[in-house]
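Colleague: Okay, here's the structure, questions in a sec.
Throughout, read-outs are computed from the coordinates displayed, never taken from laboratory work. Only a predicted model underlies this, so the values are computations on that prediction, with no experimental measurement involved. Here the Cβ positions follow ideal geometry from the backbone for every residue, glycine too, while neighbour counts run over all protein chains shown.
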Amino acid sequence: MKTLRIHSLETTDSGCGDIRLTFENLELVLQYEYRSKGADQVASVRFSGVIAFRFRDELHSAGFVEGSYDEIVEVTSSEWLQQLEREEPAGFSGVSGKHHYVVLLSSNGYLEVVAEQVEPESTIPGTLS
């Protein structure tokens, strides 16, 4: 399986605390807590142009993509993308130009997203509440 490193999560050595996933208007926002220099932080990553996503908790995350531990990677030869393309209605090209992103969020689980792009957003002090 070929992958491309996209973005390292800002977890330092603490790993992820709680996470929050919000899906609205074909955008999926992943927020995750971590500690840095003794302070709680919340970082965010936005996936745009989402057509599919799936999540497995940590206990069911066996078989995760190598290199995806607290790291967003793109699966460049994705069986899931091929499956979605085969299942698309005739004459529709929603999968075209999309990417298969994966990340194993420490202490939480495995997130897979098919989207046009992914971008980190600003970090804020505090926790998810």
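Colleague: What's the longest piece of the chain with no exposed trypsin sites (Lys or Arg not before Pro), counting a site as exposed if DSSP puts it in a loop and it has at most 14 other beta carbons within 10 Å?
Modeller: Result, exposed sites excluded: 38-129.
Colleague: log10 I(q)/I(0), Debye, Cα-only the stretch 3-120, no solvent, q = 0.18, 0.23 Å⁻¹?
Modeller: With one equal scatterer per Cα and no solvent, log10 I(q)/I(0) is -0.91, -1.39.
Colleague: Just grab the label-to-label distance for L128 and H60, each label 7 Å out from Cα along the Cβ direction, in nm (one decimal).
Modeller: The modelled label-to-label distance comes out at 1.7 nm.
Colleague: Further, regarding this structure: Which loop GluC sites (Glu not before Pro) in the stretch 55-116, with loop taken from DSSP, have no more than 15 other Cβ atoms within 10 angstrom of their Cβ?
Modeller: Counting only loop positions with at most 15 other Cβ atoms within 10 Å, the GluC sites (Glu not before Pro) in the stretch 55-116 are E66, E116.
Colleague: Considering the chain as a Gaussian network with a 10 Å cut-off on Cα pairs, which listed residue, D57, D13, D70, attains the greatest mean-square fluctuation?
Modeller: D13
Colleague: Once you place label points 7 Å from the Cα toward the Cβ at D13 and R35, how far apart are they in nm?
Modeller: With each label point 7 Å from Cα toward Cβ, the separation is 1.2 nm.
Colleague: For the stretch 48-102, which chymotrypsin sites (Phe, Trp or Tyr not before Pro) pass both filters: DSSP loop (anything but H, G, I, E, B) and at most 10 other C-beta atoms within 10 Å?
Modeller: Of the chymotrypsin sites (Phe, Trp or Tyr not before Pro), the ones in loops of the stretch 48-102 whose Cβ has at most 10 other Cβ atoms within 10 Å are F92.
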